[in-house]
């Protein structure tokens, strides 16, 4: 069934209103400085936030397709990732990235990327992709996509509305990135230097305030415990927390699986508010992830996690969690990582050896309170960002 659209709109084929531009160059002699690879393009983001510099390394024979500022780039592999971007500079990309121009006598270039973000275009690309491991779509299969197209003057009004919505999303994304950078900086600064100037002393991890102590993680723990080695199911008595439940230093109840346990095992592995879970084995980029549980309810934890329960008279669990998530804390943790065949491991005994700069208890609370404020701001911005993304999605559906 063709989409229902106003009588002044007409149904067109994508290939009749869009050109697949193929200008091939030698990147080393082209005079161009930058390139875009597939990983530089983000899902549902029209703006390129990452790039590569030609000459920093061998690009490979596929990187010979030239693009210029204003053209639309589309990742033709794994189209379910919805990688559509507008070039803001001249450069080169791989020949698996389509470089597209609208035929502006019938379609505005400014509207083209939004058409490619619609659900109809995405589903068409997924349906017509070939291959199972690394699916891809050919130009001829994209070119046959049919969609309703308004007159040029209406295209302009629609494009203006959608670019305003996109700008709002981008502003909140930028703010979120700035807050994330602020938190990274604050994590290191406040957990090694404190909140105010003070005399300092040299330690094995660098200078820290002279009235702070340097202690091992193990000295601060009441419990250091491996989780349950048991098969998780889609339903059962108790939700079991896994590696994917650690997000940005917190334990989150997403994508839960379940286990059945005896009363004794449940009591032994029940996660309490304030417990810290540590991911002891995974790929090199995921091992060492740490999160604190603030969850109420009955949860247990899986075997590749380690539960840390602190001696609260010595350390605030929030402070320790923040330090272990800081760049310095992560470096100290990963220094004990041992690579395996396919996974990297950090055992509990080595985790206990990680050094912690420990301020007096009142300073720990003050540092944690300041970091909580940043987290609260991030959460509020993320909530607004999700609402704006939803609004943009509704506008795409309604206007196109």
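Selection of first residues in the stretch 338-355 that are under 16 Å from residue 324 (Cβ atoms) and of second residues that are at pLDDT 90 or above and loosely packed, with under 10 Cβ neighbours inside 10 Å, restricted to Cβ pairs under 8 Å at least 6 apart or on distinct chains, gives the following pairs, ordered by first then second residue: 355/204. For the condition surrounded by fewer than 15 Cβ atoms within 10 Å (Cβ to Cβ), modelled with pLDDT under 95 and touching a strand residue (DSSP E or B) at 6+ places or on another chain (Cβ under 8 Å), residue 138 does not qualify.
Does residue 296 count as surrounded by fewer than 15 Cβ atoms within 10 Å (Cβ to Cβ) and in contact (Cβ under 8 Å) with a residue 40 or more places away in the chain? Taking the combined requirement at face value, the residue does not satisfy it. Total residues in the stretch 1-47 satisfying the condition of being in contact with a helix residue (DSSP H, G or I) (Cβ under 6 Å, 6 or more places away or on another chain) and either more than 30 Å from residue 151 (Cβ to Cβ) or without any contact (Cβ under 8 Å) to a residue 40 or more places away in the chain (or both): the figure is 1. What is the residue count in the stretch 331-347 for residues that are surrounded by fewer than 18 Cβ atoms within 10 Å (Cβ to Cβ) and assigned to a helix (DSSP H, G or I)? Residues in the stretch 331-347 being surrounded by fewer than 18 Cβ atoms within 10 Å (Cβ to Cβ) and assigned to a helix (DSSP H, G or I): 2 in total.
A count restricted to the stretch 295-316 and to residues that are touching a strand residue (DSSP E or B) at 6+ places or on another chain (Cβ under 7 Å) and more than 12 Å from residue 227 (Cα to Cα) stands at 6.
Residues that are more than 30 Å from residue 155 (Cα to Cα) and outside any helix (DSSP H, G or I) within the stretch 349-400 comprise 352, 353, 354, 355, 356, 357, 358, 359, 360, listed in sequence order. For the condition at pLDDT 95 or above and part of a loop (DSSP other than H, G, I, E, B), residue 155 does not qualify.
Return yes when residue 146 is at pLDDT below 95 and in contact with a helix residue (DSSP H, G or I) (Cβ under 9 Å, 6 or more places away or on another chain) and no when it is not. No.
The set of residues in the stretch 254-279 being within 21 Å of the chain's Cα centre (by Cα) and surrounded by 20 or more Cβ atoms within 10 Å (Cβ to Cβ) consists of 277, 278, 279.
Let's see how each residue does on (1) surrounded by fewer than 19 Cβ atoms within 10 Å (Cβ to Cβ); (2) touching a residue at least 40 places away in the same chain (Cβ under 8 Å); (3) not in a helix (DSSP H, G or I):
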position: 123; (1), (2), (3): yes, no, no
position: 148; (1), (2), (3): yes, yes, yes
position: 166; (1), (2), (3): no, yes, no
position: 170; (1), (2), (3): yes, yes, no
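Scanning the stretch 125-135 for residues that are within 26 Å of the chain's Cα centre (by Cα), surrounded by 11 or more Cβ atoms within 10 Å (Cβ to Cβ) and assigned to a loop (DSSP other than H, G, I, E, B) gives 129, 135. Looking across the stretch 279-294, not a single residue is on the phi > 0 side of the Ramachandran plot and touching a strand residue (DSSP E or B) at 6+ places or on another chain (Cβ under 6 Å). Screening the stretch 194-217 for residues that are out of contact with any helix residue (DSSP H, G or I) (no Cβ under 7 Å at 6 or more places or on another chain), at pLDDT 95 or above and under 22 Å from residue 317 (Cα atoms) and picking the one that is surrounded by the most Cβ atoms within 10 Å (Cβ to Cβ) gives 212.
Outside any loop (DSSP other than H, G, I, E, B), touching a strand residue (DSSP E or B) at 6+ places or on another chain (Cβ under 9 Å), within 16 Å of residue 247 (Cα to Cα) and in contact (Cβ under 8 Å) with a residue 40 or more places away in the chain, is that true of residue 319? So residue 319 does not fit the description; no.
When residue 33 is tested against the conditions (1) closer than 30 Å to residue 169 by Cα; (2) touching a strand residue (DSSP E or B) at 6+ places or on another chain (Cβ under 6 Å), the lone failure is (2).
The values are calculated or read from the model by the stated rules, or taken from the named source; none is laboratory data. Everything numeric in this text was worked out from a predicted model, so none of it was measured. As a convention, Cβ positions derive from the backbone with ideal geometry for all residues, glycine included, and neighbour counts pool all protein chains shown.
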